[in-house]
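Chemist: My structure is below; once you've seen it, I'll send some questions.
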Amino acid sequence: MSSIPKIRFKGFTDDWEHRKLGDALVSLQNNTLSRADLSNESGVAKNIHYGDVLIKFGEVLDVRQEQLPMIQDESVLMKYKASFLQNGDVIVADTAEDTTVGKCSEIAGLSNDVVLSGLHTIPYRPLEKFAPGYLGYYLNSSTYHNQLLPLMQGIKVTSISKSAMQDTDIIYPKSEEEQAKIGNYFCNLDHLITLHQQKCNDIKLQKKYMLQKMFPQNGKKVPEIRFKEYTGDWEQRKLLDLVEVLDGDRGKNYPTSDDFDISGHTLFLNASNVTNDGFLFQDNQFISEEKSNSMGNGKLEEDDIVVTSRGSLGHIAWYNAEISSFIPYARINSGMLILRNKKEAETEYLYHFMKSDKGQSQISFMSFGSAQPQLTKKGVEGLEVILPPKREEQAKLGKYFSNFDHLITLHQRKYIELKELKKYMLQNMFPQKG
């Protein structure tokens, strides 16, 4: 194993220290209380369950910020008194259903609370002082975790033993200052990731609220919230009056696996390419221009709205000018429908109406009770659309909700970029085997 990482803070040049985990950390005792033995309301001590380490907690667990389940049995305190957790202790999940076994959380933010390590965990305490955060991020990095892969046992349930972990290698800077810089770097990165994730969720909630308030509800003819320059009752129309509903491609010329080519001319979209958040361009399949021209109604035109009609019903995507500019040729398969505007309403408005509770509730009602739920062309044509009589108000509403989508996309993109940066830095700020 190399003694220096590829990426390092300036001013540090010493080789890193190599130790066996069993020589640097001592294991404490864990309890075996199940979820059923714990309370979410009150108790005498907080408990860290392996499932939360695997799914909920990050590399550093601030016990002040997380809602931990509670132990109610006071006799447990006497039994595990020598294993009350401290800041800097590391809790390892020793069981999982996959290779996430060994995921761990370093304890932080602990003051007067009693916290114990619970079912299917191995609690460790450093024998020497480490800077806060260093062990949590290092022990979750691929540099360390890859050592655990050949030590895992089991088929349906995977586990790792304390004795197996004892002989794994750990590596760390001799300088506590360098350790602190690494820990702080990843803590700050996690803070940014959380901020963008939270901002994205907040905007989604705000959008959902405004979709409810800016469309008339419960038979009313005007919404609760409206742009102040507009008045008058809204109109109710059948979707068929506003759009042409087209089936996706099907029939004898439907593509087979031999027709797909990554360098093809036309993107052939499956229902999995349409999500609650619009188009998802991954695992893309392409067909030749000749094959595309031999097929039926499923060719997309700019401004078409796509609705999934099988599987995950009612997912909506808008093939707008921005998307069609970088994917100029696309077709949909038989699990979707195309809504092609007859120019009787604003497409951007119709798109957001279809995604609103009022649009989605009609889609859900149409498919309710069916053994194999699906949307039919005839059924979709009969959907009731409520809309402002003035195109200017429709356009303003469409743009208003598209701005929400734009902000959501920005924060989602930044969230993904930061997650990728973290993954890269975890691979390069710790020395690798080689």
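Chemist: Looking at segment 139-151, can you tell me whether even one residue there is part of a loop (DSSP other than H, G, I, E, B), in contact with a strand residue (DSSP E or B) (Cβ under 9 Å, 6 or more places away or on another chain) and in the same structural domain as Leu28 (by TED's automatic domain parsing)?
Modeler: Scanning segment 139-151 turns up no residue that is part of a loop (DSSP other than H, G, I, E, B), in contact with a strand residue (DSSP E or B) (Cβ under 9 Å, 6 or more places away or on another chain) and in the same structural domain as Leu28 (by TED's automatic domain parsing).
Chemist: Okay, moving on. Kindly provide the set of residues from segment 203-231 that are assigned to a loop (DSSP other than H, G, I, E, B) and either within 15 Å of Lys396 (Cα to Cα) or in the same structural domain as Met354 (by TED's automatic domain parsing) (or both), ordered by number.
Modeler: Met214, Phe215, Pro223, Ile225, Arg226, Phe227, Lys228, Glu229, Tyr230, Thr231, listed by residue number.
Chemist: Still on this structure, I have one more. Just checking, how many residues over segment 57-87 are in contact with a strand residue (DSSP E or B) (Cβ under 8 Å, 6 or more places away or on another chain) and either more than 22 Å from Tyr138 (Cα to Cα) or touching a residue at least 40 places away in the same chain (Cβ under 8 Å) (or both)?
Modeler: 19
Chemist: Being part of a loop (DSSP other than H, G, I, E, B) and either surrounded by 14 or more Cβ atoms within 10 Å (Cβ to Cβ) or in contact with a Pro (Cβ under 8 Å, 6 or more places away or on another chain) (or both) is the filter here, so list the residues in segment 254-264 that pass it. Write out each step before concluding.
Modeler: Of the residues in segment 254-264, the ones part of a loop (DSSP other than H, G, I, E, B) are 254-256, 260-264.
Tyr254, Pro255, Phe260, Gly264 - these are the residues of segment 254-264 that are part of a loop (DSSP other than H, G, I, E, B) and either surrounded by 14 or more Cβ atoms within 10 Å (Cβ to Cβ) or in contact with a Pro (Cβ under 8 Å, 6 or more places away or on another chain) (or both).
Chemist: Scan segment 163-218 residue by residue and report those that are within 18 Å of Leu25 (Cα to Cα) and among the hydrophobic types (A, V, I, L, M, F, W, C).
Modeler: Of everything in segment 163-218, those that are within 18 Å of Leu25 (Cα to Cα) and among the hydrophobic types (A, V, I, L, M, F, W, C) turn out to be Ala164, Met165, Ile170, Ile171.
Chemist: Answer yes if at least one residue in segment 389-405 is within 16 Å of the chain's Cα centre (by Cα) and in a helix (DSSP H, G or I), and no otherwise.
Modeler: No: zero hits.
Chemist: Something else now. Would you please name the residue that is modelled with the highest pLDDT, looking only at residues in segment 265-290 that are assigned to a helix (DSSP H, G or I) and crowded, with 20+ Cβ neighbours inside 10 Å? If you could, list the steps in order and put the result at the bottom.
Modeler: First, the residues of segment 265-290 that are assigned to a helix (DSSP H, G or I): 271-273, 289-290.
Within this subset, residues satisfying the condition of being crowded, with 20+ Cβ neighbours inside 10 Å are 271, 273.
Working: Ala271: 85, Asn273: 91.
Going through the qualifying residues, I end up with Asn273.
Chemist: Also, quick follow-up: Taking the residues in segment 120-149 that are at pLDDT 95 or above and among the β-branched types (Val, Ile, Thr) as candidates, determine which candidate is surrounded by the fewest Cβ atoms within 10 Å (Cβ to Cβ).
Modeler: My answer is Ile122.
Chemist: Which one of the conditions (1) touching a helix residue (DSSP H, G or I) at 6+ places or on another chain (Cβ under 7 Å); (2) surrounded by 18 or more Cβ atoms within 10 Å (Cβ to Cβ); (3) outside the structural domain of Ser34 (by TED's automatic domain parsing); (4) under 30 Å from Arg413 (Cβ atoms) does Leu189 fail to meet, given that it meets all the rest?
Modeler: (2)
Chemist: Please pick out the residue among Asp98, Asp113, Asp89 that is surrounded by 14 or more Cβ atoms within 10 Å (Cβ to Cβ) and at negative phi.
Modeler: Details: Asp98 fails: surrounded by 14 or more Cβ atoms within 10 Å (Cβ to Cβ); Asp113 fails: surrounded by 14 or more Cβ atoms within 10 Å (Cβ to Cβ).
Checking each option against the conditions leaves just Asp89.
Chemist: Something else now. Within segment 391-418, work out how many residues are basic (Lys, Arg) and surrounded by fewer than 15 Cβ atoms within 10 Å (Cβ to Cβ).
Modeler: Count: 3.
Chemist: Considering only residues that are among the hydrophobic types (A, V, I, L, M, F, W, C) and in contact with a Ser or Thr (Cβ under 8 Å, 6 or more places away or on another chain), which ones fall in segment 99-135?
Modeler: Within segment 99-135, Val101, Leu116, Leu119, Ile122 qualify.
Chemist: Going by the conditions given, is Leu426 within 27 Å of the chain's Cα centre (by Cα), part of a helix (DSSP H, G or I) and within 18 Å of Lys207 (Cβ to Cβ)? Let's see the steps before the verdict.
Modeler: Details: within 27 Å of the chain's Cα centre (by Cα): yes; part of a helix (DSSP H, G or I): yes; within 18 Å of Lys207 (Cβ to Cβ): no.
Taking the combined requirement at face value, the residue does not satisfy it.
Chemist: Check whether at least one residue in segment 110-130 is over 22 Å from the mean Cα position of the chain (by Cα), within 23 Å of Glu17 (Cβ to Cβ) and among the small types (Gly, Ala, Ser), and report yes or no.
Modeler: no
Chemist: Of the residues Leu25, Leu54, which single one is surrounded by 13 or more Cβ atoms within 10 Å (Cβ to Cβ), in contact (Cβ under 8 Å) with a residue 60 or more places away in the chain and aliphatic (A, V, I, L, M)?
Modeler: Leu25
Chemist: Mind counting the residues in segment 398-434 that are touching a His at 6+ places or on another chain (Cβ under 7 Å) and aliphatic (A, V, I, L, M)? Outline the logic, then answer.
Modeler: Taking segment 398-434 as the starting set, the residues that turn out to be touching a His at 6+ places or on another chain (Cβ under 7 Å) are 398, 401, 411, 414-415, 418.
Those still in the list that are aliphatic (A, V, I, L, M) too: 418.
Residues in segment 398-434 being touching a His at 6+ places or on another chain (Cβ under 7 Å) and aliphatic (A, V, I, L, M): 1 in total.
Chemist: Right, another one. Only residues in segment 132-152 that are touching a residue at least 24 places away in the same chain (Cβ under 8 Å) and of a type in the set (S, T, N, Q) count as the first member; pair them with residues that are assigned to a loop (DSSP other than H, G, I, E, B) and buried (at least 18 other Cβ atoms within 10 Å of the Cβ), Cβ under 6 angstrom, at least 6 apart or cross-chain, and list the lot.
Modeler: Every condition considered, the pairs that remain are Asn140/Glu59; Ser141/Phe430; Thr143/Phe430.
Chemist: Would you please name the residue that is surrounded by the fewest Cβ atoms within 10 Å (Cβ to Cβ), looking only at residues in segment 28-51 that are assigned to a strand (DSSP E or B) and out of contact with any Phe, Trp or Tyr (no Cβ under 9 Å at 6 or more places or on another chain)?
Modeler: Ser39
Chemist: Could you figure out which of (1) at negative phi; (2) outside the structural domain of Leu119 (by TED's automatic domain parsing) isn't true of Ser27?
Modeler: Only one criterion is unmet by Ser27, namely (2).
Chemist: Given the residues Gln394, Gln360, which is the only one that is at pLDDT below 95 and either more than 23 Å from Tyr319 (Cβ to Cβ) or in contact with a strand residue (DSSP E or B) (Cβ under 9 Å, 6 or more places away or on another chain) (or both)?
Modeler: Gln360
Chemist: Considering segment 178-207 alone, what residues qualify as being more than 16 Å from Ala131 (Cβ to Cβ) and free of Cβ contacts under 8 Å to residues at least 24 places away in the same chain?
Modeler: His191, Thr194, Leu195, Gln198, Asn201, Asp202, Leu205
The values are calculated or read from the model by the stated rules, or taken from the named source; none is laboratory data. In this text, all values refer to a predicted model and were calculated from it rather than measured experimentally. Every residue, glycine among them, receives a Cβ derived from its backbone with ideal geometry; neighbour counts consider all protein chains shown.
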